[in-house]
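Heads up, the thing below is written out as structure tokens.
The values are calculated or read from the model by the stated rules, or taken from the named source; none is laboratory data. Values in this document were obtained by computation on a predicted structure and should not be read as measured data. Here the Cβ positions follow ideal geometry from the backbone for every residue, glycine too, while neighbour counts run over all protein chains shown. SASA here: full protein model, heavy atoms, side chains in, ligands and nucleic acids out. Shrake-Rupley method; radii C 1.70, N 1.55, O 1.52, S 1.80 Å.
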Amino acid sequence: MSRYRLVPTPAQETALLGHCGHARYVWNLGLEQRLMWRPGRPPTPGYVAQAAQLTEARAAEPWLAAGSQTVQQQALRDLDQAWRYFWGGTHARPTWRSAGRHEGFRIVGPQAQRVERINRKWGRVWVPKAGWIKFRWSRRVPEAKSYRITRDSAGRWHIAFAAIPDPIPAPGTGEVVGIDRGVAVSAALSTGELLACPGLRATEQARLQRLQRWLARCLRGSNRRTRVKAAIARLKAREADRRKDWVEKISTDLARWFDVIRVEDLKIRNMTRSARGTVEQPGRNVRQKAGLNRGILAQGWGQLVARLEQKAPGRVEKVSPAYTSQTCAECGHCASENRENQAAFRCVACGHTAHADVNAARNIAAGRAVTARRGTRSVPLKREPHLATSA
């Protein structure tokens, strides 16, 4: 997807919000029909049957007919595709769409190809029922047969053209790099570089805390609560934009510089799972675990690997993270005493010293997988040798 910032006028924004409302209504109505199936009942209507019902509904309801038929049909097609992904096992079950969180719609066909460039910084795109809408021409617009317009929680509009960019070619030098991801250091490379994902500044974090305290004291449904939520969303969007920009730049550089990129095979969803527990068995250190979860998610671990796999397909390898931070990259000795603290590594066997994350990245670059006995898979350290039997 190639995404650009859309700048509609107030009248055009009203028309876009109308499209979002129609797409959301059709999606939820179609989802309700799909969820009504029970064992023993006939199958629920698919896309073709729902599209025919949509035509009848547009003839009966003037407010629905006032919207774009393309927008409403594509909402049904997106729902049908979401169910196909769910039954294929690649995506989760489709859920309800709510106002303020799922604002967007898709345009396909010849209407989606009406894109013009105005000058060096601006272009415009044709949107049904809204006319020509300007967007920032930040880079070349690819040829696409469809585009999607969305509105985020901060109130910003974006347009994304459905086009898959070409992968970045390998440099051909044969170099391999290992990446160790952490919280204090976002990404440590086996070459010795320490990379930090930018976030909110100290003043912005203090403002975010004040806004969150104000939000807790606001009356639900009040205008003041709406304004405070919008201010918080703008700060969160700023943080997400910085993280995404950092991920894009770092992933592009790594794909251009190295032939093979090795990362830890981390289960981020399991690592960031809540520790609250249940009422009968409450969790321990819940607040500390919540802070760790926020720290992990703020580093963009998953986004970095996902973009690397898209930009360098077939060149990203995942290595088991077991004992990579306790194994010496020089002699291969594995012991918990090697890791003195978060940043310092000192091998108790050979005396090698290095930054702990860089040492782990070197182990990842070497593809050193360690077994539960803390030995390499090829030469276990705590297994008796097999005696050769005479023929």
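In the stretch 210-367, the DSSP beta bridges split such that about 60 percent are antiparallel, to the nearest 5. Figure note: Val183, Val108 ranked by solvent-accessible area, largest first, 1.4 Å probe, ligands and nucleic acids not counted: Val183, Val108. A cysteine counts as unpartnered when no other cysteine's C-beta lies under 4.7 Å of its own; in the chain this applies to Cys20, Cys197, Cys218, Cys334.
Match the structure shown to one of the listed values (i) 0.98; (ii) 0.93; (iii) 1.24 of Cα Rg over 2.2 N^0.38 Å, computed from it, and give that label. Matching entry in (i) 0.98; (ii) 0.93; (iii) 1.24: (iii).
Taking the C-alpha atoms only, the angle from helix 286-297 to the longest principal axis of the chain is near 80 degrees. For the pair the stretch 185-225 / the stretch 237-280, the C-alpha centres are spaced 17 Å from each other. Shown here are the Rg and Dmax of the Cα trace of the stretch 201-305, at 18.2, 56 Å. With all protein chains in place and a 1.4 Å probe, the accessible surface of the chain carries 52 percent carbon and sulfur. With protein chains left intact and a 1.4 Å probe, residues in the chain average 59 Å² of accessible area per residue.
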